[in-house]
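Some notes on the structure that comes next.
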Amino acid sequence: LFRAGGLDRPTLTSLMEARALMLSESARLAATRRTDEQANQLTQTAERIAEAEDHATAQALDWAFYATVVEAAQNLVLGLVMNSIRHVYFQSADLFAKVVDNHQALAPLYAQAAQAVQQRNTDEAAAAVKRLAQAQAERLT
């Protein structure tokens, strides 16, 4: 992924593609398995992202949003994948900061995803998260 202090673009493109797939299918599962508390947490996190005053806050909230989606999916392997990525992601947060560029413009996508999970709409939850993840990938690649 990293080459001479920078990002290996082809690998990054593949990583972001896999990320979109994993997160959208996690959202599909979350829509059927989530607790009321998790649904509320997603909605609140989406609102906080819209109100975030800086990049670092938005980026931390972005991670919290997706971590809640994966937790709500109640799939052990997806949870392990998220946990294994966490350290690298936050250690290299500056390299991934662009995923939340203009986070106010992304805010409606977070809200749509949270609403679909809240409403237990599996197809829309997956589609909304995929739209969000793809919009983020476009900012990064």
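The values are calculated or read from the model by the stated rules, or taken from the named source; none is laboratory data. Source: prediction; values computed, not measured. Quick reminder, even Gly has a Cβ in these numbers, built from the backbone with ideal geometry, and neighbours come from all protein chains shown. Keep in mind that these areas ignore ligands, DNA and RNA; they rest on the heavy atoms of the full protein, side chains included. Shrake-Rupley method; radii C 1.70, N 1.55, O 1.52, S 1.80 Å.
Note the listed values (i) 116; (ii) 144; (iii) 90, then indicate which one is volume of the Cα convex hull per residue in Å³ calculated from this particular structure.
Checking each listed value against the structure points to (iii).
Taking Cα centroids, how far is the range 1-73 from the range 94-139 in Å?
8 Å
What list of ³J(HN,Hα) values in whole Hz, one per residue of the range 65-78 in order, does the Karplus curve 6.51 cos²θ - 1.76 cosθ + 1.60 (θ = phi - 60°) give from phi, with Gly and Pro shown as x?
Karplus values, whole Hz, x for Gly and Pro: 4, 5, 5, 5, 4, 5, 4, 5, 5, 6, 10, 4, 5, 4.
Under the Karplus relation 6.51 cos²θ - 1.76 cosθ + 1.60, θ = phi - 60°, what is the ordered set of whole-Hz ³J(HN,Hα) values for the range 14-31, x standing for Gly and Pro?
5, 4, 5, 5, 5, 4, 4, 5, 5, 6, 5, 6, 4, 5, 4, 5, 4, 4
Can you list the HN-Hα couplings for the range 43-48, worked out from phi with the Karplus curve (6.51, -1.76, 1.60; θ = phi - 60°), rounded to whole Hz and with x for Gly and Pro?
For the range 43-48, the Karplus-derived couplings read 4, 5, 5, 4, 5, 5 Hz, x marking Gly and Pro.
Using per-residue counts of other Cβ atoms within 10 Å, averaged over each peptide, order 31-40, 103-112, 9-18 from highest down.
In decreasing order of mean packing, 31-40, 103-112, 9-18 become 103-112, 31-40, 9-18.
What does the charge count around residue 100 come to, taking other residues whose C-beta lies under 9 Å from its C-beta (Lys +1, Arg +1, Asp -1, Glu -1)?
Charge balance in the 9 Å sphere: 0.
Using Cα pairs under 8 angstrom and six or more residues apart, how large is the relative contact order of the chain, in percent?
Values: 184 pairs, mean separation 55.3, N = 141.
Computed value for the chain: 39 percent relative contact order.
Considering every Cα-Cα pair within the range 68-141, what fraction, in whole percent, is farther apart than 19 Å?
When every Cα pair of the range 68-141 is considered, 45 percent fall beyond 19 Å.
Using the heavy atoms of the protein chains alone and a 1.4 angstrom probe, what is the accessible area of the chain per residue in square angstrom?
Details: 7310 Å² over 141 residues.
Result: 52 Å² per residue.
Restricting to DSSP H runs of at least four residues, report the calculated mean residue ellipticity at 222 nm for the chain, -39500 (n - 2.57) per run over all residues, nearest 500 deg cm²/dmol.
-27000 deg cm²/dmol
Hey, any idea what % of the range 76-141's accessible area is carbon plus sulfur with a 1.4 Å probe?
Exposed carbon and sulfur together represent 54 percent of the surface.
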